[in-house]
Amino acid sequence: MYTIGQVANFLGVSRDTLKYYEEKKLVKPKHDHENGYRKYNAYDIHDIITTNFYRELDIEIRKIQEIKQCTSIIDLEHLLAEQEAKIIEELAYKKRLLKKINSVKKDYCKIKQHLGEFTVKEMEPLEIKGEITEYAAYEEYEIIRNSTESLKKAVTLTSARRVIHFDDEGIKEEKFIVVRKIEDNDKTPKGEVLSYPKCIYTVIEDGRFVNGEKNIDHEVGERLLKIAHENGYELIGKAYINILLTTYEEGLERVFLEMYAPIK
């Protein structure tokens, strides 16, 4: 027979955990009525080891209690199959989270490299999935959720693009589209595909921390036209703007946007 301290040391678990298992009737050590000490035998230790195993599989205490009441190994088989399905689903979600983290890290690199600087680069192919009225059209966000690999709690705006039509006199029209990045294995996209081999590209900063409530479209448009004229580029009169990252400073948002302006 062993004391609670010895068992805790053998198995690397806390006394509180052992007391919790006892409270939930997953282990039933004998009590010495004279001194109140618990005494664990080999069967008790086996119960603790088995309970720890099921907890390692992330099976709830209630389910472990059910396992101890199982009358057939088939009951356990069904429970394990159910837990396996949950873990597979969670792994798929974790992969989506990792993909999102890597995407945000790449966006952060874009900000460091291109903030306030203009260069020429390709706008990679995008499939148009639909339109929304504006970023603040929250009632229309279902189309965004359906076009983005979903997270459990977050609606991400990475699939939304602001499309500006302009000329030398300024902005003529704008709309907001919902897009999906075309992966290498996508052979037959269903919707219209946007693809421009050469664009003037830049990252700009917006948000109340840097601009207050001021609209910076006019300033950015003037600089874009200036860059095009200075380098002999002929713009087609469109720009695609995407939110890269939102952060905060002194309680005010800093919004980093990337812009592609296709060249003829």
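Could you list the trypsin sites (Lys or Arg not before Pro) in the range 1-103 that lie in coil according to DSSP, counting only those with at most 16 other Cβ atoms within 10 Å of their Cβ?
Values: sites: ARG15, LYS19, LYS24, LYS25, LYS30, ARG38, LYS39, ARG55, ARG62, LYS63, LYS68, LYS86, LYS94, LYS95, ARG96, LYS99, LYS100; in loops: LYS24, LYS25.
Passing sites in the range 1-103 are LYS24, LYS25.
Order of CYS199, CYS109 from fewest to most other C-beta atoms within 10 Å? Walk me through the numbers before you get to the answer.
Numbers: CYS199 22, CYS109 10.
Ordered by Cβ neighbours within 10 Å, fewest first: CYS109, CYS199.
Which one, ILE45, PHE209, GLY232, projects farthest toward the positive side of the charge dipole computed for the chain from Cβ point charges (K/R +1, D/E -1)?
Sorting the options by dipole projection puts first ILE45.
Rounded to a whole number of µm²/s, how large is the Stokes-Einstein D of the range 1-116 at 20 °C and 1.002 mPa s, given Rh as the Kirkwood radius over C-alpha pairs?
Diffusion coefficient, whole number: 122 µm²/s.
How far, in nm, would the chain grow between ILE236 and LEU97 when pulled straight, counting 0.36 nm per residue and subtracting the alpha carbon separation?
Working: separation 139, 0.36 × 139 = 50.04 nm, distance 3.68 nm.
46.4 nm is the gain from fully extending ILE236 to LEU97.
Taking 8 Å as the Cα distance limit and 6 or more residues as the minimum spacing, I'd like the relative contact order of the chain as a percentage. Don't skip to the answer; put the middle values down first.
On the way: 356 pairs, mean separation 43.8, N = 264.
Here the relative contact order equals 17 percent.
log₁₀ I(q)/I(0) of the range 108-262 at q = 0.11 Å⁻¹, via Debye over equal Cα point scatterers, no solvent, to two decimals?
Each listed q corresponds, in turn, to -0.46.
Determine the alpha carbon to alpha carbon distance for each of LYS24/LYS100; LYS100/LYS226; LYS110/LYS214; LYS175/LYS226; LYS99/LYS214 and list only those over 32 Å.
Numbers: LYS24/LYS100 40 Å; LYS100/LYS226 35 Å; LYS110/LYS214 24 Å; LYS175/LYS226 24 Å; LYS99/LYS214 34 Å.
Over 32 Å Cα-Cα: LYS24/LYS100; LYS100/LYS226; LYS99/LYS214.
What angle do you read, to the nearest 10 degrees and between 0 and 90, between the alpha-carbon axis of helix 73-114 and the longest principal axis of the chain?
30
How far, in degrees from 0 to 90, does helix 42-56 lean away from the longest principal axis of the Cα atoms of the chain, to the nearest 10?
The angle comes out near 10 degrees.
Tell me the mean residue ellipticity at 222 nm calculated for the chain from its helices only (DSSP H runs of n ≥ 4, each -39500 (n - 2.57), averaged over every residue, nearest 500).
Working: 8 runs with 106 residues, N = 264.
Taken over the chain, the calculation gives -13000 deg cm²/dmol.
Which one of HIS218, ALA160, ILE200 is farthest out on the positive end of the charge dipole of the range 141-236, using unit charges on Cβ (Lys, Arg +1; Asp, Glu -1) and the Cα centre as origin?
Farthest towards the positive pole: ALA160.
Kirkwood hydrodynamic radius for the chain: how many Å is it when counted over pairs of different Cα atoms?
Kirkwood radius, the chain: 23.7 Å.
Please give the length that would be gained between ASN9 and ALA228 if that part of the chain were fully extended, namely 0.36 nm times their separation in residues minus their C-alpha to C-alpha distance (nm, one decimal).
Working: separation 219, 0.36 × 219 = 78.84 nm, distance 7.27 nm.
Residue separation times 0.36 nm, minus the Cα-Cα distance, leaves 71.6 nm.
Over the range 108-262, what is the relative contact order in percent, taking alpha-carbon pairs closer than 8 angstrom and at least six residues apart?
Numbers: 274 pairs, mean separation 47.3, N = 155.
The value is 31 percent.
Read the figures in this text as sums done on the coordinates, not as results from a lab. None of these values were measured; they are calculated from a predicted model. Note that each Cβ is placed from the backbone with ideal geometry, even for glycine, and that neighbours are counted across all protein chains shown.
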